[in-house]
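Undergrad: Have a look at this one before I ask anything.
No value in this document is a laboratory result; all are computed from the given coordinates. This is a predicted model, so every value here is computed, not measured. No Cβ is skipped: glycine too gets one built from the backbone with ideal geometry, and neighbour counts run over all protein chains shown.
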Amino acid sequence: MVYVMLQSDWTDGNGVSHLAGDSVDVDAATLAALQAQGIVSEQSGGGKDGTEWVGPGSTNWVGPGSNTP
């Protein structure tokens with residue numbers, strides 16, 4: 001799971017609505033789908049509530065394309 005900030009409103013698979021600016025935990029497949037739809041985008045540190053960006057390009061990213069075995 002990764003913690004991401006939404007760039008636009010999104011309703012998850014359970015029917016729960018999330019607003020743009022909300023931070024949510026998603027799996028790598030959901031993250032990829034959200035990125036493809038433009039709902040999340042890469043950020044550089046200092047996210048909502050002091051959280052750190054953990055998506056692609058982050059030193060904490062462990063999803064597709066990461067250098068982590």
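Undergrad: What net charge do the residues around GLY13 carry, taking every other residue with its C-beta under 14 Å from that of GLY13, with Lys and Arg at +1 and Asp and Glu at -1?
TA: Summing Lys/Arg as +1 and Asp/Glu as -1 gives -3.
Undergrad: If you don't mind, there's one more thing I want to ask. If Lys and Arg each add +1 and Asp and Glu each add -1, what is the summed charge of the other residues whose beta carbon sits under 12 Å from the beta carbon of ILE39?
TA: Computed value for this residue: -3.
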